[in-house]
Amino acid sequence: MTTVDIASARPRLRPGRWLTGIVLALVVLRIAWFLVDNPRFEWSVVGEYLFDPNVLKGLGMSLLLTVLGMTLGSLLGVVLAAGQLSDFAPVRWASTGYVGLFRGIPPLVQLIFWYNLAYLAPTIAGWDTNDLITPLTAAIIGLSLHEAAYMAEIVRAGILAVDPGQRDAAKAMGFGAAQTFTRVVLPQAMRVIIPPTGSQFISLLKGTSLVSVIAMADLLHSVQVIYNVTYKVVPMLLVACVWYLVVVTVLSLGQQRLERHFGQGHQL
Amino acid sequence: MKPVLQAVRVRKRFGDHQALDGVDLSVEEGEVVVVIGPSGSGKSTLVRCLHQLTPIDGGAMYLDGELLGHAVHRGHLRPLSEAAITKQRRRMGMVFQQFHLFPHWTVLRNLTEAPVRVHGVAPAAARDRALALLERVGLGERANAYPRQLSGGQQQRVAIARALATDPRIMFFDEPTSALDPELVDEVLAVMRDLARSGMTMVVVTHEMAFAREVADRCVFMDRGRIVETGPPAQIFGAPRSPRLRAFLSRFTGPSEVPLDA
């Protein structure tokens, strides 16, 4: 019997892969050609309005609302997650009730509700509600409270994913309840929390387009104002799409870095 | 001599399972007590209760004469707050079967975090002490590794050093070698042997009978939540009195080595 050395073997023939690759390349080329060849996209108009001051102002407002909504929502979400895992039943019920309520009501309805709060409560702690609830504060409150309900669920799942032995070890080392949570449990839960939070961030960015109903000038609203005058609907929507995609791409890169940071000690 | 740790008629129930059924145990300063017994006999529950990781249902435990977990407040005996229990726990060290090192910190930080954050030790001093402890368990050069980069035996040695970093009055070991590959057991036992010789007060739950025989000042045999027999290793292994202990030991040594008429 002759012996062979499989180190000298050639790659396996895989014609199916070649075929799939060619089909995919053709599809991509066709779509690219459609975008370039079709004059109705009016790319020159897109370029003209991409850095229009009103568009940039709208973009800035969308980013501000996203960052504020996410920050406040995450902070409240962590508190709610801890509340849902509390061993004190009333706190657990209150937290679970909050999440059920605010996850169940569409954010659009919440925005309108907060904006019209003065109708139900003309004064809050001696202040005139109409002075407190501007379109901006209504938007921030509505988006944050909605976001907090989702973040509570994400954080709760992250906390439950941490090995209970870690809590034992933290206790055994003499860490108090707060230190155990912030130094041992939460940093490890972050590995599980970050990926869905990234998606949440992105959907909140797109969700800020809802605030146009309470007269907030976000990115989508700013291009709408322009195409209502110029009738260049498609190119103006493309302007908004380009900016949404740019921001989402930057966010995704940031998410990768965060994942690497909190993966320390795990990527082996 | 006053005992460092004293347990009086300690009871613990999980559902309808009586895990500890009136355990009395007293540990003197510098004494090494090894707890043996079949699985499910309550050994691990006992050390978890002594360390207050699991609350007990009845009986009492004292550390240096101080009642653990409860105190008289407004004329009645009441449970202490979690913060007060944490304070008591800080005087005791624990080594777990599954190591439970903090995976997101380096080995060095695993050893320095509690002394710095909990005991208020200066970071530089904590670092020096941690490096000395790592040297002592033979891992001086792995200070900057992450736990998952180490073998099981190395991780357990780090866990022992971590528990020592807070200068505990007493150390508990909950089956410290049971999760290890057989060839890694000896390096961990060597560290524990060294610790016992240095005068540390230790309560060790283990299935390593040779270790118990060699290192223990006193052996405790538990079965069904009770301490069935206690005495020096020579008596426990050489002349076991209770039939249950004899049956238990026969599984390790073979029936012929155990004198049936003892």
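Any read-out appearing in this document is the output of simple, stated calculations on the displayed coordinates, not a laboratory observation. Quick caveat, the model's predicted, so the values are computed rather than measured. Cβ coordinates were reconstructed from backbone atoms using ideal geometry, including for glycine residues, and neighbour counts include every protein chain displayed.
Scanning segment A:50-86 for residues that are under 28 Å from A:V223 (Cα atoms), in contact (Cβ under 8 Å) with a residue 24 or more places away in the chain and assigned to a loop (DSSP other than H, G, I, E, B) returns a single hit, A:D52. Of the residues making up segment B:21-60, those that are farther than 25 Å from B:R213 by Cβ, over 15 Å from the mean Cα position of the chain (by Cα) and either assigned to a strand (DSSP E or B) or of a type outside the set (D, E, K, R) (or both) are B:D21, B:G22, B:P55, B:I56, B:G58, B:G59, B:A60. Evaluating B:L134 against the criteria (1) surrounded by 22 or more Cβ atoms within 10 Å (Cβ to Cβ); (2) within 10 Å of chain A (Cβ to nearest Cβ); (3) in contact (Cβ under 8 Å) with a residue 12 or more places away in the chain leaves one unmet condition, (2). What about B:L101, is it more than 12 Å from chain A (Cβ to nearest Cβ), in contact (Cβ under 8 Å) with a residue 12 or more places away in the chain and either closer than 22 Å to B:L50 by Cβ or out of contact with any strand residue (DSSP E or B) (no Cβ under 7 Å at 6 or more places or on another chain) (or both)? Taking the combined requirement at face value, the residue does not satisfy it. Inspect all residues belonging to segment B:20-38 and state whether any of them is without any contact (Cβ under 8 Å) to a residue 12 or more places away in the chain and either under 24 Å from B:S242 (Cβ atoms) or surrounded by fewer than 15 Cβ atoms within 10 Å (Cβ to Cβ) (or both). Looking for residues that are without any contact (Cβ under 8 Å) to a residue 12 or more places away in the chain and either under 24 Å from B:S242 (Cβ atoms) or surrounded by fewer than 15 Cβ atoms within 10 Å (Cβ to Cβ) (or both), one finds none in segment B:20-38, hence no. Suppose the filter is on the phi < 0 side of the Ramachandran plot, of a type outside the set (K, R) and under 23 Å from the mean Cα position of the chain (by Cα); does B:A124 pass it? So B:A124 fails the test.
Is it the case that some residue within segment A:96-104 is touching a Ser or Thr at 6+ places or on another chain (Cβ under 9 Å) and more than 19 Å from A:G158 (Cα to Cα)?
no
Report every pair of residues separated by at least 6 positions or lying on different chains whose Cβ atoms are under 6 Å apart, first residue within segment A:200-214 and in a helix (DSSP H, G or I), second among the small types (G, A, S) and surrounded by 22 or more Cβ atoms within 10 Å (Cβ to Cβ). Listed pairs, sorted by first residue: A:L204/A:G69; A:T208/A:S62; A:V211/A:A139; A:I214/A:A138. Residue check: B:R218 meets all listed conditions (1) within 23 Å of B:F102 (Cβ to Cβ); (2) out of contact with any Leu (no Cβ under 6 Å at 6 or more places or on another chain); (3) not polar (S, T, N, Q) but one, namely (1).
The set of residues in segment B:172-200 being among the hydroxyl-bearing types (S, T, Y) and surrounded by fewer than 22 Cβ atoms within 10 Å (Cβ to Cβ) consists of B:S178, B:S198. Of all residues in segment B:53-96, those satisfying the criterion of being touching a helix residue (DSSP H, G or I) at 6+ places or on another chain (Cβ under 6 Å), within 21 Å of B:G30 (Cβ to Cβ) and within 13 Å of another protein chain (Cβ to nearest Cβ) are B:G93, B:M94, B:V95.
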